[in-house]
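> One structure follows; several queries about it will come next.
The values are calculated or read from the model by the stated rules, or taken from the named source; none is laboratory data. Being a predicted model, the structure only gives us computed values, none of them experimental. Cβ: placed from backbone, ideal geometry, glycine included. Neighbour counts: every protein chain shown.
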């Protein structure tokens, strides 16, 4: 019996230590899980550099000189420049700014929630006087930046692609045994900002999203007044393949260009 108690005690101690060490690992490495810095690629389109508090933030600019503009915030591991050709074609009446987060594709600094919010506000304020109307588009991680910007500034339209209610809730689903409200530094609480967003909003979800559970997107959808929101699910699409579907661009075109 003593031997059994020792074995059980040893096992419980081992489990507790593993839990503790993995929790510490999550805390230390959390931003490595959220941000995957993308490399700089050679491309033919014009680029504009914004300097926010001494940090250079780069943006590819498409269709310069139009009356209306789109600011696009991409996913956490996607090079936004890969959208250049298709966005040039699909939005000929808009100047499009593809924002490269801090540490991404030649931009300086480190990506954090606070820094990305600061850059979004700075870029918006810098370019707003050039245009009549502003549309903000955010995909995946970028949806968190887009909802923040839309809650702080007047915009014409908001598009959220494969969005979540909050990164805290997404990570809590993944690591249910840990108190992510305490561990997590960057929470991207989109659902908490809905009441401050007054623009017409389009949410596009992927039916077979492997990254963002449907409950997380639906919670965000349910927070918006139905009169303010258009909700579209792209059948058979995945989190990373949604832009491969014709229906995706058709939905964007109908909302942004009309």
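> Out of the residues in the range 114-141 that are surrounded by fewer than 19 Cβ atoms within 10 Å (Cβ to Cβ) and within 25 Å of residue 166 (Cβ to Cβ), which is nearest to the chain's Cα centre (by Cα)?
Only one residue tops the list, namely 117.
> With (1) under 25 Å from the mean Cα position of the chain (by Cα); (2) in a helix (DSSP H, G or I); (3) surrounded by 10 or more Cβ atoms within 10 Å (Cβ to Cβ) as the list, and residue 58 as the residue in question, which single condition is left unmet?
If we test residue 58 against (1) under 25 Å from the mean Cα position of the chain (by Cα); (2) in a helix (DSSP H, G or I); (3) surrounded by 10 or more Cβ atoms within 10 Å (Cβ to Cβ), just (2) comes out false.
> Does residue 53 fit the bill of being loosely packed, with under 12 Cβ neighbours inside 10 Å and either touching a residue at least 24 places away in the same chain (Cβ under 8 Å) or more than 21 Å from residue 252 (Cβ to Cβ) (or both)? Please lay out each step first, then the result.
On the way: loosely packed, with under 12 Cβ neighbours inside 10 Å: yes; either touching a residue at least 24 places away in the same chain (Cβ under 8 Å) or more than 21 Å from residue 252 (Cβ to Cβ) (or both): yes.
Against the criterion (loosely packed, with under 12 Cβ neighbours inside 10 Å and either touching a residue at least 24 places away in the same chain (Cβ under 8 Å) or more than 21 Å from residue 252 (Cβ to Cβ) (or both)), residue 53 qualifies.
> Of everything in the range 30-43, what is free of Cβ contacts under 8 Å to residues at least 40 places away in the same chain and in a loop (DSSP other than H, G, I, E, B)? Give them in sequence order.
42
> If you don't mind, another one. For the range 81-117: of the residues being touching a strand residue (DSSP E or B) at 6+ places or on another chain (Cβ under 7 Å) and at positive phi, which is modelled with the highest pLDDT? If you could, list the steps in order and put the result at the bottom.
Residues of the range 81-117 touching a strand residue (DSSP E or B) at 6+ places or on another chain (Cβ under 7 Å): 81, 83-84, 87-88, 91, 93-100, 102, 105-109.
Those still in the list that are at positive phi too: 105-106, 109.
Numbers: 105: 93, 106: 92, 109: 97.
Checked the range 81-117; the qualifying residue modelled with the highest pLDDT is 109.
> Mind checking whether some residue in the range 8-18 is at positive phi and outside any strand (DSSP E or B)? Walk me through how you get there before you give the answer.
Let us first name the residues in the range 8-18 that are at positive phi, namely none.
No, there is no match, as no residue in the range 8-18 is at positive phi and outside any strand (DSSP E or B).
> Given the structure, is residue 87 more than 15 Å from the chain's Cα centre (by Cα), surrounded by 19 or more Cβ atoms within 10 Å (Cβ to Cβ) and assigned to a helix (DSSP H, G or I)?
Numbers: more than 15 Å from the chain's Cα centre (by Cα): yes; surrounded by 19 or more Cβ atoms within 10 Å (Cβ to Cβ): yes; assigned to a helix (DSSP H, G or I): yes.
Criteria met by residue 87.
> Going through the range 225-258 one residue at a time, which ones are in a strand (DSSP E or B) and under 22 Å from residue 170 (Cβ atoms)? Steps first, answer last, please.
Of the range 225-258, the ones in a strand (DSSP E or B) are 229-234.
Those that are in a strand (DSSP E or B) and under 22 Å from residue 170 (Cβ atoms): 229, 231, 232, 233, 234.
> Test residue 65 against the criterion of being assigned to a loop (DSSP other than H, G, I, E, B) and surrounded by 11 or more Cβ atoms within 10 Å (Cβ to Cβ), and give yes or no. Quick ask: steps written out before the conclusion?
On the way: assigned to a loop (DSSP other than H, G, I, E, B): yes; surrounded by 11 or more Cβ atoms within 10 Å (Cβ to Cβ): no.
Against the criterion (assigned to a loop (DSSP other than H, G, I, E, B) and surrounded by 11 or more Cβ atoms within 10 Å (Cβ to Cβ)), residue 65 does not qualify.
> Would you mind telling me which numbered condition in (1) touching a residue at least 40 places away in the same chain (Cβ under 8 Å); (2) loosely packed, with under 10 Cβ neighbours inside 10 Å; (3) in a helix (DSSP H, G or I) residue 27 fails?
(2)
> Consider the range 246-255. How many of its residues are buried (at least 16 other Cβ atoms within 10 Å of the Cβ) and touching a strand residue (DSSP E or B) at 6+ places or on another chain (Cβ under 6 Å)?
Here the count works out to 3.
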